[in-house]
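Inspection log for the structure reproduced underneath, given as structure tokens.
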Amino acid sequence: MSDRLPSPDGDHPDGPERPSTAWNAAIVDRYVIPIGLFGLAWLLYAWLTNGRSAALDYFVPLADAFVHGHLGLIAPPPWLNEVVPASNGLSYVVYPPFPAILLIPVVAITGTDFEQTWASVVVGAASVPVIWSIMGGMGVSRGPRFVLTLVFAFGTIVWYSAQAGSSWHFAHVVATLFMLLAIRACQLDLRAGLIGLLFAGAILSRLPLILATPFFAAYLADLSWRIRDDVPGVFGALRPSSPPAWRTRIDPGVILDAGIPLALGVGVPMIAYLIYNDVRFGSFTENGYALIPGLLQEDQYRHGFFSVVNIPRKLYAMFLSAPVQVGEFPWIQSRHLGGLSILLTTPLFLWAIRARRPDWFGLGAWASVGLILVPILMHADPGGAQFGFRYAQDLYPFLFLLMVRGLRGRVSFEAWVAIAIGAVVNIWGMGSTYFDWWA
């Protein structure tokens, strides 16, 4: 594994690698490169904001409300119209609350003057060194690992959402960070309760991510097999090849020992969220979206929030949506409303198809991708202002790692071509963002 110290007796062009050289390599991989990647991402994401404010910044006033002991907003500004007014004079924000909870420390100091975009930039940039660490745990060597980390940072729509900063996009970047942290915690076999808490942070930013439960169930099964058979390794490692899931023996005792604290780590915050809903809306299962005044009268919701009739339109947006021609420079542009195919924004994702090893990691990741896709494809809302298909970010933590598996830790010539196409499309998209080039 590339982020562990090499053995003093390991292979080296000039003989065994000296301990000082090993320590230097470890320091570079564990600290220097991750800090540099975070700094680069932060600088570029911050520059792309071009001084704009996130107009739909629901989480800053909600964090301020929490600081002052309220569950809703008092006299929200008129542009924050996706709220539910209540008879007690409060207006309740319908979005899951974890991004606001994350902002409580800084909002407690600065008040509502804090710019939500800056939190989005920092959280988005923080995901970049985490993906670097995860690929190190998988056993990807330094060169491909560095290239693929740059693909994640600047070859996906992660950087659009990070610099956008509106509540929709901020929720995505928070959910992505906490899901990646949960995956890294699985690789390190950290305390199961902590894994559950990190997973809960992702869910309470983007509710569809509760459907990633199969991934963590697969982790428990893999952990049980590794402990029972005393097999060293990392969940999801590229090498050595783990056996198919059905050839592994599971110890129910190990699953219970780790599964109960993991379930508690997820369950306690989820129970708190259900109580939060009941206090606000009188029902544990009412999240408030249907109570937003006038929302259900919009044409896009004529079949309700979720319907199979939305699937063709969403599949088109996700895979086939293309740029449009305009009569002036730069002559082709993305639709600000409606997005752009993920096969254009990140064509390298096609390599995920090659990740067909049926071990616990592969089964859990693919099952989670499939389940999360169900509400995404059935949901009536096309996603609002966006570059790319923003809902796909719910899949990114699993889809990206499946892509790394499909590449087998190497960047082939064809993969370089896909990376180049994605880079051009994303730079063009960020030009649309910076210079307001929208069709």
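The values are calculated or read from the model by the stated rules, or taken from the named source; none is laboratory data. Predicted model only: the values in this text are computed from it and were never measured. Cβ placement follows ideal geometry from the backbone for every residue including glycine, while neighbour counts extend to all protein chains displayed. Quick note on the areas: whole protein, heavy atoms, side chains included, nothing else; ligands and nucleic acids left out. Shrake-Rupley method; radii C 1.70, N 1.55, O 1.52, S 1.80 Å.
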Pairs returned, first residue in the stretch 287-313 that is at positive phi, second residue that is in a loop (DSSP other than H, G, I, E, B), beta-carbon separation under 8 angstrom, 6 or more apart or interchain, are 288/94; 304/380
Taking the condition of being under 19 Å from residue 276 (Cα atoms) and touching a Pro at 6+ places or on another chain (Cβ under 6 Å), how many residues in the stretch 84-113 meet it?
1
Go through the stretch 127-140 and count every residue that is within 15 Å of residue 177 (Cα to Cα) and open to solvent by 10 Å² or more (accessible area, probe 1.4 Å).
3
Taking into account only those residues within the stretch 284-302 that are acidic (Asp, Glu) and in a loop (DSSP other than H, G, I, E, B), which is nearest to the chain's Cα centre (by Cα)?
286
Between 375, 293, which is open to solvent by 50 Å² or more (accessible area, probe 1.4 Å), in contact with a strand residue (DSSP E or B) (Cβ under 9 Å, 6 or more places away or on another chain) and at pLDDT 90 or above?
293
Which residues, counting only those in the stretch 73-100, are under 26 Å from residue 269 (Cα atoms), among the aliphatic types (A, V, I, L, M), without any contact (Cβ under 8 Å) to a residue 40 or more places away in the chain and open to solvent by 20 Å² or more (accessible area, probe 1.4 Å)?
74, 90
Going by the conditions given, is residue 67 farther than 21 Å from residue 160 by Cα, open to solvent by less than 70 Å² (accessible area, probe 1.4 Å), in contact (Cβ under 8 Å) with a residue 40 or more places away in the chain and touching a Gly at 6+ places or on another chain (Cβ under 6 Å)?
no
So, restricting to helices (runs of 4 or more DSSP H) that lie completely within the stretch 89-186, which ones have at least 3 residues that are more than 19 Å from residue 42 (Cβ to Cβ)?
98-110, 116-138, 142-154
Taking the condition under 30 Å from residue 359 (Cβ atoms) and aromatic (Phe, Trp, Tyr), does residue 331 pass?
no
Just one listed residue, out of 395, 363, 402, 348, is surrounded by 23 or more Cβ atoms within 10 Å (Cβ to Cβ), out of contact with any Leu (no Cβ under 9 Å at 6 or more places or on another chain) and within 28 Å of residue 178 (Cβ to Cβ), and it is 402
Selection within the stretch 34-79 - of a type in the set (Asp, Glu) and assigned to a helix (DSSP H, G or I)
64
Could you figure out which of (1) at pLDDT below 95; (2) open to solvent by less than 20 Å² (accessible area, probe 1.4 Å) isn't true of residue 149?
(1)
Please determine whether any residue of the stretch 109-125 is closer than 25 Å to residue 407 by Cα, touching a residue at least 60 places away in the same chain (Cβ under 8 Å) and hydroxyl-bearing (Ser, Thr, Tyr).
no
List pairs: first in the stretch 398-426 and on the phi > 0 side of the Ramachandran plot, second open to solvent by 20 Å² or more (accessible area, probe 1.4 Å) and not in a helix (DSSP H, G or I), Cβ under 7 Å, 6+ apart or cross-chain?
409/139; 409/141
Output for the stretch 43-88, where each listed residue is within 17 Å of residue 170 (Cβ to Cβ) and β-branched (Val, Ile, Thr)
49, 60, 83
So for the stretch 105-126 (the condition being open to solvent by 10 Å² or more (accessible area, probe 1.4 Å), hydroxyl-bearing (Ser, Thr, Tyr) and touching a Ser or Thr at 6+ places or on another chain (Cβ under 9 Å)), does at least one residue qualify?
no
Mind telling me which of the residues 259, 267 ends up being in a helix (DSSP H, G or I), of a type in the set (Gly, Ala, Ser), touching a helix residue (DSSP H, G or I) at 6+ places or on another chain (Cβ under 9 Å) and within 30 Å of residue 90 (Cβ to Cβ)?
267
